[in-house]
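One structure is given here, and the rest of the page talks about it.
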Amino acid sequence: EPEVTQTPSHQVTQMGQEVILRCVPISNHLYFYWYRQILGQKVEFLVSFYNNEISEKSEIFDDQFSVERPDGSNFTLKIRSTKLEDSAMYFCASSTGAGNSPLHFGNGTRLTVT
Amino acid sequence: GENVEQHPSTLSVQEGDSAVIKCTYSDSASNYFPWYKQELGKGPQLIIDIRSNVGEKKDQRIAVTLNKTAKHFSLHITETQPEDSAVYFCAASINQAGTALIFGKGTTLSVSS
């Protein structure tokens, strides 16, 4: 079964540094998402992306965050200047968009900001 | 905006027993309610979903019920097995691609044999 893949599985960075989290969505999917989960807490929506544009974003997704589909297969989340509170598990998800097709999540990237 | 409350936060059952997890939502415009299972070190995996034109849906040992008037929905797992042990999340959204799924805080289910 096709799956969403995320790299790296764990990223450690220093406060103030830029990080890029990478995702390869399922190949025939058109909608892409980033969610985050702070340890022990609920999964929170960050942003959705369709046709090379942001469809919807949450309050969390401020100017420090950006998303990009640099080529036909990758979908990236960039955090410009990381803060301690950015430490979390970041999940990429994708869906076909047909009807209300379900979201398929990757296994996440654990970001640790020191 | 939408707010989803989920109870209980932890649930321990004996193998073979039933488990019930309940969620409430606040936005009457929400009409899509999926349930996700998250195992350690993995992303959430969809196990069942229900739309607002349906009151109940079953898939083998799993069932979900929806009460739109009361704005609550529940997950029922029958004949639980140790491999059902995981964190379960309910979620709600408007039935439209690209819109945010709003998750509950999760229920840690432990099934002991």
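For the stretch B:1-49, what are the residues that are charged (D, E, K, R) and either closer than 15 Å to B:T107 by Cβ or assigned to a loop (DSSP other than H, G, I, E, B) (or both)?
Selection gives B:E2, B:E5, B:E15, B:D17, B:K22, B:D27, B:K37, B:E39, B:K42.
How do the pairs read when you match residues in the stretch A:77-96 that are within 14 Å of chain B (Cβ to nearest Cβ) and over 19 Å from A:N51 (Cβ atoms) with residues anywhere that are part of a strand (DSSP E or B) and basic (K, R), using Cβ under 6 Å and keeping only pairs 6 or more apart or on different chains?
So the pair list comes out as A:A88/A:R36; A:M89/A:R110; A:Y90/A:R36.
Select, from B:L109, B:L40, B:L101, the only residue that is within 24 Å of A:I38 (Cα to Cα) and facing chain A (nearest Cβ under 10 Å).
Sole residue among the options that is within 24 Å of A:I38 (Cα to Cα) and facing chain A (nearest Cβ under 10 Å): B:L101.
Of the residues A:S81, A:S101, A:S94, A:S73, only one is open to solvent by less than 60 Å² (accessible area, probe 1.4 Å) and in a strand (DSSP E or B); which?
Exactly one of A:S81, A:S101, A:S94, A:S73 is open to solvent by less than 60 Å² (accessible area, probe 1.4 Å) and in a strand (DSSP E or B), namely A:S94.
Can A:I60 be described as under 15 Å from B:F103 (Cβ atoms) and either more than 9 Å from chain B (Cβ to nearest Cβ) or within 14 Å of the chain's Cα centre (by Cα) (or both)?
Details: under 15 Å from B:F103 (Cβ atoms): yes; either more than 9 Å from chain B (Cβ to nearest Cβ) or within 14 Å of the chain's Cα centre (by Cα) (or both): yes.
So A:I60 fits the description; yes.
I'm checking my understanding of the structure. Among residues of the stretch B:4-60 that are among the small types (G, A, S) and modelled with pLDDT of 95 or more, which one is nearest to B:H72 (Cα to Cα)?
The selected residue is B:S26.
How many residues are outside any loop (DSSP other than H, G, I, E, B) and either closer than 21 Å to B:E39 by Cβ or open to solvent by 90 Å² or more (accessible area, probe 1.4 Å) (or both) if we restrict to the stretch A:25-43?
The number of residues fulfilling the criteria is 6.
Could we say that A:F45 is more than 9 Å from chain B (Cβ to nearest Cβ), of a type outside the set (A, V, I, L, M) and out of contact with any Asp or Glu (no Cβ under 7 Å at 6 or more places or on another chain) here?
Against the criterion (more than 9 Å from chain B (Cβ to nearest Cβ), of a type outside the set (A, V, I, L, M) and out of contact with any Asp or Glu (no Cβ under 7 Å at 6 or more places or on another chain)), A:F45 does not qualify.
Determine which single condition B:D84 fails, assuming it passes every other condition in (1) surrounded by 17 or more Cβ atoms within 10 Å (Cβ to Cβ); (2) within 14 Å of chain A (Cβ to nearest Cβ); (3) charged (D, E, K, R).
Failing condition for B:D84: (2).
Out of the residues in the stretch B:50-66 that are part of a strand (DSSP E or B), open to solvent by 40 Å² or more (accessible area, probe 1.4 Å) and within 14 Å of chain A (Cβ to nearest Cβ), which is farthest from B:C23 (Cα to Cα)?
B:D59
Would you say A:Q6 is in contact with a Leu (Cβ under 9 Å, 6 or more places away or on another chain), among the polar types (S, T, N, Q) and open to solvent by 10 Å² or more (accessible area, probe 1.4 Å)?
Taking the combined requirement at face value, the residue satisfies it.
The values are calculated or read from the model by the stated rules, or taken from the named source; none is laboratory data. Since this is a predicted model, take the numbers as computed values, not measurements. All Cβ positions, even for glycine, are placed from backbone atoms using ideal geometry, and neighbour counts span all protein chains on display. With ligands, DNA and RNA removed, areas are computed over all heavy atoms of the protein, side chains included. Shrake-Rupley method; radii C 1.70, N 1.55, O 1.52, S 1.80 Å.
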